[in-house]
Every structure is written in structure tokens, then in C-alpha cells.
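Structure first, then comments.
Every number here is computed from the coordinates shown, using simple stated rules; none is lab data. Given the structure is predicted, the values throughout are model-derived calculations rather than measurements. Don't worry about glycine lacking a Cβ; one is built from the backbone with ideal geometry, like all the others, and counts go over all protein chains shown.
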Amino acid sequence: MRQTVLYARVSSKDQEREGYSIPAQLKFLREYAQAHGFEIKRQFVDVETAKCTGRKQFGEMVRFLSETSTCRVILVEKTDRLYRNFRDYVTLEDLGVEIHLPKEGQIISKDAKSQAKLVHGIQLVIARNYIENLRDEVRKGMREKAEQGIYPSRPPLGYCNNKALRTIEVNPDRAPVAQRMFELFATGNYSLRTLRTALIAEFGRAFSTYRIWYLEKLLKNPFYVGRFNWQGKVCEGTHPPLVSKEIFEQVQQVLRGRFRPRKRKYEFAFTGGC
């Protein structure tokens, strides 16, 4: 009995709704393997979006096949489930594996006819074009969201995403921490290091995970005054600001070394006798 691996992938939540779900793919491939007398050694699954493009399981599959000489077959529904680019194609071709694409009725191997390889190559180009279009649509959606004043990513300390309403809201537990951070640093009496120490003392050890460079990044973030940068453009956000523009600008001056705290002048009353 010939040994095989199964590979399944979804590239967006939309595809899951359209019947491309992982369970559906694996069920179809298991039935194909049973009907054709294959012994399934491993199965590899990737869930991928245009924003998150890593394919750890694809890499694991390549590693497994390169180390397992007795397993030389991959079962995958169709071309666009397997490849993202020509590098993936070359990687598998160099391994010398046999690829079964049941939904396309193709078996691709080093001994396949040139016409079959040509058709497979055309389908690879189509799959690549689909992925690029998907990325373009995601970028377009994120850009439109930013133009509407909604930050299309994870907000900084003090805010949280409302997934139900698809808005950004103030986090009542963390907002006071962010506000205090600005208030303290705006005095000009703290370095980034001593600011971190003060925040740990006031809000607990949980703040110890915040590195110096990250504190500086937060303090420079215009998100706290209702604006954000997206793709080189400053957008006016719909989220509520946590810090006044005056405090924010004062913090920027401290960071640039242009602010010095005022020294208090004390008047002493002297009494004396002779």
C-alpha cells in the first residue's frame, strides 16, 4: 500500500462559508485515499488570510517528505489549495513527489506528460492571480476603513476592539494606565526607564513586560489624541481621545529634549532676634 500525506488549506473565512472548510477538504481526501488504496501517514492543515500569510504546516509537510523516503505522494483537493507561488511549485518538484489533485482530475509527477504539466502550470498562474486579488481586496478594505476613521488593526494600550460593532472603544481597565503614563512623562521629571519603574510601582508587575522602546512608541502614538497613521497618511479617528493635545505635545517636547520642568521658587520668612 502506497503511503501519502494529506494537505488542506483555507485562505479566508469566506472560503469556509463557501464550502472550502478544513473538515470538508479532509473528508474528501480521506475518501479518495481509501478508494485508491493509499495509507495516510500524516495530515497537514494551514489556515491563512491575506493579512497572515505564514504557512507553517506546508513547511512541516516539506520537511516530513524530505525525511521520509517511503512517502512520496501528496493528496490535495486542487492547485489553489497547495501553491501560493512558483517557489512552492519548485520546492515540491525538487522533492520528486507525486501530487494528486482529485477535483481537477490530475496527477502530477516527474513522469507526467508535458501537456498535463502545461495545464497544471496554467492553473498555478490562475491560483497565484487569485491570491494577489485577495490581497488587493483586503488592502482596499483596510484603506477604506482607515478613511472612515476606524483603525484597521489592533489598537494600543488603553483601547480595545469591539468585534460585534467593529469599532474601537476605551478599555476601562487599561485606559487609566495609558493616561497616567502621559501625565507622568509630561512633567519632564522622568526618563523612559524611570517612567517604567513608576508605572510598575503604581500598576503592578504586569507592566514589567513593557520594554523601554515600546513605551517610547506608545508616547509618540497620535492615536491617543484621536488620530492615527495608515500607509503614510494621517487619519482622523472616530475613537475617543485619552489624552489632551496639550499633554501630548508636551510629551513630544520631552522626548525631543526641548522641555525642562520649571523649578519652583520658595520664599522663606526669616525671623530673628538680637
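Some notes on this structure:
- Straight Cα distances below 18 angstrom link Lys233 to the aspartates and glutamates Glu144, Glu147, with same-chain residues fewer than 8 positions distant left out.
- Note on Asp111/Glu132: beta-carbon distance plugged into 1/(1 + (r/R0)^6) with R0 of 41 Å gives a FRET efficiency of 0.85.
- In terms of its C-alpha gyration tensor, the stretch 159-255 comes out oblate, because a/c is 1.5 or above while a/b does not outweigh b/c.
- Label point distance in nm, Thr209-Glu236, each placed 7 Å from Cα along Cα→Cβ: 3.6 nm
- Residue order for Thr79, Thr91, fewest other beta carbons within 10 angstrom first, comes to Thr91, Thr79.
- Reported to the nearest whole Å, the Cα centre-to-centre distance from the stretch 203-240 to the stretch 27-104 is 41.
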